[in-house]
Amino acid sequence: MDVQDDVQDLDQDATETARGPVDVLVVGAGFAGLYALHRLRGSGLTVRVLDAPEAPGGTWAANRYPGARCDVQSFDYSFSFDEALQQEWSWSERYAAQGEILDYLRHVVDRFDLARDIESSTRVLSAVFDQLADEWVLTTDRGETHRSRFVVMATGCLSVPRPPDIPGLESFRGRWVHTADWPREGLDLTGLRVGLVGTGSSGVQFATATAGVAGELVVFQRSPNYVLPAQNRPMDPEFERELKARYAEHRALAKQTTRGYPVPAYAGQKPALATPADERQEVFEAIWEHGGPVLTSVFTDLTVDEAANETAAEFVRQKIRDIVTDPVTAELLCPYDHPLGTRRPVLDTGYYPIFNRDDVTLVDVRTAPITEITPAGVRTTDAEYELDVIVFATGYDAMTGALLAMDIRGVDGVSLREEWADGPAAYLGVAMAGFPNLFTVTGPGSPSVLTNMVASIEQHVEWISDLVEHAHATGARRVEAEPADQARWVQHVLDRAEATLLPKANSWWIGANVPGKPRVFMPYVGGYAPYGQVLAEVSRDGYTGFSLTR
Ligand code: NAP
């Protein structure tokens, strides 16, 4: 179909509900969408946010499962753009729980008067570029069309849950839920027989919080992960006062790091294999006590050399054997199939000890796979487990899922789904050739999920806003990534990943968790600060790799 017919049809279908144009449409109202609205509106642009859920908050509004908690420390996993905001907000724990982060985002909405430009319960179905007007036309499930010169996709890296793909689900007599679509009204699991499918970050947090509440908890584990201690604890008021006194300095330091937050000073100084075993052990122990997902940063070779990695991996396995008293269960919990850090390390406080409880059972569904859901519960090739509730913590169609859920069509009606059939291709992870004036916050090809997401979101929102302001100020009607620069960046992203152990595992980073998804390593491993340097050079040099046309 000709794209202009397409656009006209959209307008005609919805003549009565066509909405007046704005400068920028932002899709999504999580951390990224909220900051994009604030930042772009502050530049004098008209902005409207379209957001599918009934209220802002993104992933932190959706993931209400017991135990949901951030795995980056609260004072890093928060906005840095406003000194007064970071001074006035107090986090009650080292790692904030879901409810507190959602409260924080609500506070941000109120504080910066964001609600008036957010349309909730509005799912964007398509985005079509009208190349005569150089405008985007977005249609929504409310039967409305919205027009704008620019579009910012703030749709999240982990916002499309993977539904359970196990036969027989409809026959289950009890209740089933997905962790990422937890009932808003809550779900009381007290005394119930609860089955958990999935042992990634969500499943591990859920299991830890639910053991001892449920009458019985059955954990169906297909792949063990390395679960590192968060060492969560209440926020120490003295520490908070001290940090707030130097918050700006702390944020400036974070900007120099590869993760978007500082790691302990002794980390990353030398290779593990060049360090005597007892000294190595001391460092691993120290980082274990310190807590957090930084074990792979303590030596320089852990993410690039399998033998070096094995020293850290075996350290974690020994911890598991020390904690879990039944040796068979302990061994089942030990990961051997991937190097440490080649899947997102899982963080929690107290996961392994739950397997010492009589009311918690670990079921290995790698050797005896789940065959079906029955009216009574879960059947594996070995046994049937009777359950009242099944919780699926089965993950997401990550990084590309939310973008490809919409029908996005660029110049000459080219479809993003077709363009990305063999994997995502984006310039700097922020813009796509053939899709002018459309930007992705923390898109594939940017550091995003390998970093502190809030830091990466701020980095992207600020850079995209500057580019939009620049285009607006200079009268550029089209800002578009150059295909050759995009191709070079995509290759660079792949090369950097290949130089590490990261593509070796079957992770969602490489799309391995979704059947049929192209196996392409999606985030950029170059690190937050070096990537920031690239962005800074591109803008300083007049936005190299972009064509700006009037
Ligand atoms: P995930 O890491 O993709 O884990 C999904 C789990 O479900 C895996 O254990 C997977 O097993 C299992 N699974 C899927 N289908 C299955 C089946 N048919 N039978 C048995 N097991 C099955 O998803 P997630 O735990 O939701 O985490 C995704 C990401 O979200 C995390 O890596 C993290 O970045 C983010 N997250 C962060 C936090 C936090 O900040 N603390 C909390 C939650 C999530 P296999 O491994 O064998 O495929």
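The values are calculated or read from the model by the stated rules, or taken from the named source; none is laboratory data. All figures in this text were calculated on a predicted structure; none of them were measured in a lab. Every residue, glycine as well, gets a Cβ built from its backbone with ideal geometry; the counts of neighbours run over all protein chains shown. Note: accessible area is taken over every heavy atom of the protein model, side chains too, but ligands, DNA and RNA are not part of it. Shrake-Rupley method; radii C 1.70, N 1.55, O 1.52, S 1.80 Å.
Determine the dipole magnitude for segment 493-550: charges of +1 sit on the beta-carbon of Lys and Arg, -1 on that of Asp and Glu, nothing else is charged, the reference point is the Cα centre, and the result goes in debye to the nearest 20.
I would put it at about 200 debye.
Please give the length that would be gained between GLU238 and SER120 if that part of the chain were fully extended, namely 0.36 nm times their separation in residues minus their C-alpha to C-alpha distance (nm, one decimal).
The span from GLU238 to SER120 would gain 38.5 nm if fully extended.
What are the lysines whose alpha-carbon lies under 21 Å from the alpha-carbon of LYS255, with same-chain residues fewer than 8 places away excluded?
The reachable lysines, counting only those whose Cα sits under 21 Å from LYS255, are LYS244.
Just add up the charged neighbours of LEU340: K/R +1, D/E -1, any other residue whose Cβ is under 15 Å from the Cβ of LEU340.
0
Rounded to the nearest 5, what % of the DSSP beta bridges within the chain are antiparallel ones?
40 percent
Once ligands and nucleic acids are excluded and a 1.4 Å probe is used, how much of LEU362 is accessible, expressed in Å² to the nearest 10?
Rounded to the nearest 10, the figure is 30 Å².
By its C-alpha gyration tensor, with a ≥ b ≥ c as the square roots of the eigenvalues, how is segment 447-490 shaped: rounded for a/c under 1.5, else prolate for a/b larger than b/c, else oblate? Numbers along the way, then the final one.
On the way: a/c = 4.85, a/b = 1.29, b/c = 3.75.
Note, shape of segment 447-490 comes out oblate.
Report Rg (one decimal) and Dmax (nearest whole number) for segment 350-446, counting Cα atoms only, units Å.
Just the Cα atoms of segment 350-446 yield Rg and Dmax of 21.5, 62 Å.
Please give the FRET efficiency for ASP165 paired with GLU83, using the beta carbon to beta carbon distance and R0 = 45 Å, rounded to the nearest 0.05.
0.45
Enumerate the lysines that LYS517 could reach by cross-link, defined here as Cα to Cα under 19 Å, with residues fewer than 8 away along the same chain left out.
Here the lysines satisfying the reach criterion relative to LYS517 are LYS504.
Gain in length, ALA252 to VAL534, computed as 0.36 nm per residue apart minus the alpha-carbon separation, to one decimal in nm?
Stretched out fully, the ALA252 to VAL534 stretch lengthens by 99.8 nm.
Could you order ASP82, ASP130, ASP236 so the one with the most accessible surface comes first? Probe is 1.4 Å.
Working: ASP82 35, ASP130 15, ASP236 80 Å².
Output order, biggest surface exposure first: ASP236, ASP82, ASP130.
What longest range of the chain stays clear of loop-exposed GluC sites (Glu not before Pro) (DSSP non-H/G/I/E/B, at most 11 other C-beta within 10 angstrom)? Write out the running numbers ahead of the final one.
Working: sites that count: GLU54, GLU185.
It works out to 186-550.
So, counting K/R as plus one and D/E as minus one, what does the shell of residues with Cβ under 14 Å around HIS107 add up to?
Working: positive: ARG106, ARG111; negative: ASP82, GLU88, GLU100, ASP103, ASP110, ASP113.
Result for the local shell: -4.
Normalised radius of gyration for the chain, please: alpha carbon Rg relative to 2.2 N^0.38 Å, two decimal places.
My calculation over the Cα atoms of the chain gives 0.98.
Sum up the charges of everything whose Cβ sits under 11 Å from the Cβ of GLY401, counting Lys and Arg as +1 and Asp and Glu as -1, but leave GLY401 out.
Summing Lys and Arg as +1 and Asp and Glu as -1 gives +1.
Run the paramagnetic zone check for ALA383: 7 angstrom along Cα to Cβ, then residues of segment 189-206 with backbone nitrogen under 15 Å.
Residues 194-196 fall inside that zone.
Can you give the calculated 222 nm mean residue ellipticity of the chain, where each DSSP H run of n ≥ 4 adds -39,500 (n - 2.57) and the sum is split over every residue, rounded to the nearest 500 deg cm²/dmol?
Rounded to the nearest 500, the figure is -9500 deg cm²/dmol.
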